[in-house]
Structures are given as C-alpha cells and as structure tokens.
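One structure is given here, and the rest of the page talks about it.
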Amino acid sequence: MPKFVEMGQAVTLGDQLKSEEGPVILINTFVTSPDDADKLLEVWTGDASLMKAQPGFISTQLHRGIAGSGVFLNYAIWQSVAHFRSAFTNPAFQAKLADYPEGVTVSPHLFRKVEVPGICTA
C-alpha cells in the first residue's frame, strides 16, 4: 500500500474531494526506488486502464524522471471533481493500491487551469 503524502498542507486531497468544480487536472507524483520502477509502471498501467473506463475520464499522461530516476508524475484530466471522486473511491481502484511496491509514496492533488494573459489560456 503506498504512503499518501499531501502535496498541499493548507488544502488536502480530502478537502478537494468535497468540491464540485470541473474540469479538473489530477497531478500525482509517485516516488519509488529505481529498482522498483518497473513494478510501479506495471501497477500504474493497470490503474490507468481501470480509470480510463470510468465516467468523466478524459485523458492521462505519465512522465518519469530522467537518468534512472524513480520519480514519476501523472497528469490526468477529469470532467469534474465528482467524476474523479467516484473513480478514486471505487472499491476496485482502492483494492489495487495494495499492489504498489513497498515504500512507494504518492502525492495526488487536484488543479484547474489558470489564465495568465499573453502566456497561458484557461
């Protein structure tokens, strides 16, 4: 079972799951030993396949740190917090958490796009 580490201290994932906003972007970091990176990738692939079938899922992309890093970053887009909450609390997904390598830490946090005129569009 991975250890959950909050990305934000003032607003936790639990706080965010009470929101009704949308669309939202899930940013989730995974930190494991480089020796367990293949196992993490295998388990994440199964999780992603399950999430892809959930209502409100739009897309996901996984990134890995370079030079043999054991740090991964997942970027997933959901139609709403409600859709993500339903998928995240799905018993089938929760059961799969036990498959992660021992010692893995995960830090999920929900975001929305921010418009910065002339630089970023919302």
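When ILE25 is tested against (1) under 15 Å from ARG112 (Cα atoms); (2) part of a helix (DSSP H, G or I); (3) touching a strand residue (DSSP E or B) at 6+ places or on another chain (Cβ under 7 Å); (4) of a type in the set (A, V, I, L, M, F, W, C), only condition (2) is not met. Would a scan of the range 41-48 turn up a residue that is under 16 Å from VAL104 (Cβ atoms), aromatic (Phe, Trp, Tyr) and out of contact with any Leu (no Cβ under 6 Å at 6 or more places or on another chain)? Yes, the range 41-48 contains a residue that is under 16 Å from VAL104 (Cβ atoms), aromatic (Phe, Trp, Tyr) and out of contact with any Leu (no Cβ under 6 Å at 6 or more places or on another chain). The condition (being surrounded by fewer than 16 Cβ atoms within 10 Å (Cβ to Cβ) and within 13 Å of the chain's Cα centre (by Cα)) is satisfied by just one residue among LEU73, LEU13: LEU73.
Every residue, every condition in (1) loosely packed, with under 11 Cβ neighbours inside 10 Å; (2) modelled with pLDDT under 95; (3) more than 29 Å from ALA122 (Cβ to Cβ), yes or no:
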site	(1), (2), (3)
PHE30	no, no, no
PRO55	no, no, no
SER59	yes, no, no
ILE66	yes, no, yes
ASN90	no, yes, yes
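Of note, ASP47 does not satisfy the criterion of being farther than 20 Å from LEU13 by Cα and either outside any loop (DSSP other than H, G, I, E, B) or of a type outside the set (Gly, Ala, Ser) (or both).
Kindly provide the set of residues from the range 59-79 that are touching a helix residue (DSSP H, G or I) at 6+ places or on another chain (Cβ under 8 Å) and on the phi < 0 side of the Ramachandran plot, ordered by number.
The answer is THR60, LEU62, ARG64, SER69, GLY70, PHE72, ASN74, ALA76, TRP78.
Say we look at the range 60-106 and pick out the residues that are of a type in the set (Ser, Thr, Tyr) and assigned to a loop (DSSP other than H, G, I, E, B); which of these is farthest from LEU41 (Cα to Cα)? In this case the residue turns out to be SER80.
Here are some residues: GLN79, GLN94. Which one is modelled with pLDDT of 95 or more and of a type in the set (S, T, N, Q)? I'd like the intermediate steps shown before the answer.
Details: GLN94 fails: modelled with pLDDT of 95 or more.
None of the others qualify; the one that does is GLN79.
For the range 1-27, a residue qualifies if it is touching a residue at least 24 places away in the same chain (Cβ under 8 Å) and among the β-branched types (Val, Ile, Thr), and the qualifying residues are VAL5, VAL24, ILE25, ILE27.
Scanning the range 48-58 for residues that are on the phi < 0 side of the Ramachandran plot and either touching a residue at least 40 places away in the same chain (Cβ under 8 Å) or in contact with a strand residue (DSSP E or B) (Cβ under 8 Å, 6 or more places away or on another chain) (or both) turns up ALA48, LEU50, MET51, LYS52, PHE57, ILE58. Residues in the range 55-70 that are among the polar types (S, T, N, Q) and under 14 Å from the mean Cα position of the chain (by Cα): SER59, THR60, GLN61.
The values are calculated or read from the model by the stated rules, or taken from the named source; none is laboratory data. Bear in mind that the values here come from a model prediction, so they are computed numbers and not experimental data. When we count neighbours, we look across all protein chains shown, and the Cβ atoms used for this are built from the backbone with ideal geometry, even at glycine.
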